[in-house]
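The values are calculated or read from the model by the stated rules, or taken from the named source; none is laboratory data. Everything numeric in this text was worked out from a predicted model, so none of it was measured. A quick note on method: Cβ atoms are made from the backbone with ideal geometry, for glycine too, and the neighbour counts reach across all protein chains shown.
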Amino acid sequence: MKRRLTLGPNRRVLLAALLAAGGSAVTLAGCGGTFMGEQEQPKGPDPAFARKIVTYPSPEPAGTIIVDPGAHYLYRIQGDGTAIRYGVGVGAEGFVWNGLAVIHTKQEWPDWYPPPEMLERKPELREHMVQLQSGIGMPGGPDNPIGARAMYLWQGNKDTLYRIHGTNDPSTIGHNVSSGCIRLTNDDIVDLYNRTPIGTKVVALATATGGPTAAAQ
C-alpha cells in the first residue's frame, strides 16, 4: 500500500509560506495544483458545478470523456443521450492542448515533484521533501495539491502532458487557475477514476468552439 504523508501543523504552515514566496505552481509531469497550508481552509465548490446527470447527445460511445475547458465541465458519456457532468477547474496547461487521446495510466494519491527551478530558487523546500522513486518530492496524501487521483493522457506512444486530477482546494472548481491541467474535487475524481478503465477515449475540446449545451435532468 502506498504511504501517505500528513504534515504536522508547523511544517504545513511553513511550507505554505515558502510556496507563497517562491511561486504557487506545483508540478506533476506537466500539471500542477495549489498547495493549501493549515491556515488556508479550503472553501466548498460552487453548487453550479456539482456532479449531476445531464442531457448530452453525443456520437461518442459510452464511457468516453469529453472535456470542455471553456465551460469548466467534464462529461462522461452514458450512451443513452445523457452524461455525468463534473465541474472542473482549468489551469494554464488545460487550455494549451486539445484533441483526442486515451487514458494511458492512472494513479491513486499521486506524488508531487516540485520543478527543478523552484528547488533551485527556494532550496529550503528540500527539508520538507523526501526521496521518492522519481526524485525529490511529496508523497501523495490529503495535503498533496494534486489530490486523490490522477489520470494521464497519451496519443499513441507520446505523453500529451495533459492530466485529469484532483485538488485539495475545491473552491477552484468552476474557475481558471494559474497552474495545472483539469482538476476535479477529490470526491469527483475518485468517482470518475472508478468508472474509467485504461484505454478510455478522451476528447478535449478547443476553447474557441466549446461544446454542446447540456440540460440538467
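Filtered by the rule that a residue be buried (at least 24 other Cβ atoms within 10 Å of the Cβ) and farther than 22 Å from His175 by Cβ, segment 76-92 gives no residues. In segment 32-56, the residues that are assigned to a loop (DSSP other than H, G, I, E, B) form Cβ pairs under 7 Å with partners that are charged (D, E, K, R) and at pLDDT below 55, at six or more places apart or across chains, as follows: Gly37/Arg12; Glu38/Arg12.
Among the residues of segment 83-103, write down those that are in a strand (DSSP E or B) and of a type outside the set (Gly, Ala, Ser). Of everything in segment 83-103, those that are in a strand (DSSP E or B) and of a type outside the set (Gly, Ala, Ser) turn out to be Ile84, Arg85, Tyr86, Val90, Leu100, Val102, Ile103. Screening the candidates Phe35, Phe49, Phe95 for the property of being at pLDDT below 95, crowded, with 18+ Cβ neighbours inside 10 Å and of a type in the set (A, V, I, L, M, F, W, C) yields one hit, Phe35. Take segment 171-211 and flag every residue that is over 13 Å from Gly94 (Cβ atoms) and at pLDDT below 95. Within segment 171-211, Ser171, Ala208, Thr209, Gly210, Gly211 qualify. The strands (runs of 3 or more DSSP E) located wholly in segment 104-180 that include 1 or more residues which are surrounded by 15 or more Cβ atoms within 10 Å (Cβ to Cβ) and in contact with a strand residue (DSSP E or B) (Cβ under 6 Å, 6 or more places away or on another chain) occupy 135-137, 149-155, 158-165.
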